[in-house]
Amino acid sequence: MTTPEHQSPAPQPPVPASKDRIYRSPAGIAGGVLLLALVLWLGIDAVVAGEGSTPWVALAAMLFLVPLICAYTVRPAVFAGDDRLRVRNPFRVIVLPWGQVASLRSGYSNEVVTESGAKYQLWSVPVSLRARKKAARRQARRASGDGRGRGQGGAFGGFSGAAAAATDDGPVRAETDKVMDDLRELHQARAKAETSQGEVTVRWAYEVAGPAMVGAVLLAVLLAVG
């Protein structure tokens with residue numbers, strides 16, 4: 001009689017790493033797409049139908065404007081992971097391990113401050129004073145027992161909902177302020193983690209600045225030559 005062989009347990013699939021939370025401004029992206037469409041429409045029309053130096057001026061203008069529009073509207077984003085905060089601004093990408101983050105501030109702009117005192121603006125999380133005033137009014141209506149202060153809200157920059165976010169248990173907050181609250185909570189939870197230590201790195205986006213500078217030089221030369 002043979003004894004059954006003990007089978008080794010099947011290998012467990014690796015636990016996938018948690019995905020970064022991505023914060024962008026859909027309102028900014030929509031505006032950028034409209035501007036890009038307008039610039040390309042006018043530029044291509046000038047290239048096709050223009051005479052003399054007009055097509056070359058149009059090409060130089062598009063080479064100058066398209067990267068800038070993309071940089072300030074489509075490109076900005078904030079990626080918040082368990083170990084680091086990655087800020088993609090118009091011309092720089094800043095990687096900040098949570099252990100190097102001293103605070104996240106909100107005033108007339110939202111910014112992250114490092115332990116060394118360096119400040120970096122969060123372009124994709126813009127401050128809306130109008131949204132803050134609207135949230136304050138809704139909070140006042142809620143405090144006075146007016147039911148109309150609840151359940152209202154349109155899309156602001158579309159982060160996850162309304163121009164002011166509210167819950168039955170918490171105060172009404174402007175949406176970008178709520179985003180900053182989420183980032184602060186993640187920072188507090190992960191700042192001491194071993195994997196959240198390291199150095200702050202800054203990389204310049206030459207792929208954006210380069211074409212824009214070339215386009216600016218060409219446009220200046222063509223306009224000077226006439």
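The values are calculated or read from the model by the stated rules, or taken from the named source; none is laboratory data. These figures come from a predicted structure and were not determined experimentally. Reconstructed Cβ throughout: ideal geometry from the backbone, glycine too, with neighbour counts over all protein chains shown. Accessible surface areas use protein heavy atoms only, side chains included; no ligands, DNA or RNA. Shrake-Rupley method; radii C 1.70, N 1.55, O 1.52, S 1.80 Å.
In this structure, does Ala220 turn out to be part of a helix (DSSP H, G or I) and either modelled with pLDDT of 95 or more or out of contact with any Ser or Thr (no Cβ under 8 Å at 6 or more places or on another chain) (or both)? Explain how you work it out, then say what you get.
Working: part of a helix (DSSP H, G or I): yes; either modelled with pLDDT of 95 or more or out of contact with any Ser or Thr (no Cβ under 8 Å at 6 or more places or on another chain) (or both): yes.
The answer is yes for Ala220.
Within region 185-217, track down each residue that is over 24 Å from Asn89 (Cβ atoms), assigned to a loop (DSSP other than H, G, I, E, B) and not hydrophobic (A, V, I, L, M, F, W, C).
Matches in region 185-217: Lys192 only.
Of all residues in region 193-220 being over 23 Å from Asn110 (Cα atoms) and of a type in the set (D, E, K, R), which is surrounded by the fewest Cβ atoms within 10 Å (Cβ to Cβ)?
Within region 193-220, the match that is surrounded by the fewest Cβ atoms within 10 Å (Cβ to Cβ) is Glu194.
Which pairs turn up if I take residues in region 96-111 that are touching a residue at least 24 places away in the same chain (Cβ under 8 Å) and look for partners that are open to solvent by 20 Å² or more (accessible area, probe 1.4 Å) and part of a strand (DSSP E or B) with beta carbon separation below 7 Å, at least 6 apart in sequence or on another chain?
Leu96/Arg84; Pro97/Arg84; Trp98/Arg84
What number of residues within region 133-151 are at pLDDT 65 or above, farther than 14 Å from Asp177 by Cα and loosely packed, with under 15 Cβ neighbours inside 10 Å?
5
Out of all the residues in region 63-95, which are farther than 18 Å from Gln121 by Cα and open to solvent by 30 Å² or more (accessible area, probe 1.4 Å)?
Leu63, Phe64, Leu65, Val66, Asp82, Asp83
Applying the selection to region 119-132, what residues are open to solvent by 30 Å² or more (accessible area, probe 1.4 Å), part of a loop (DSSP other than H, G, I, E, B) and of a type in the set (A, V, I, L, M)?
Val127
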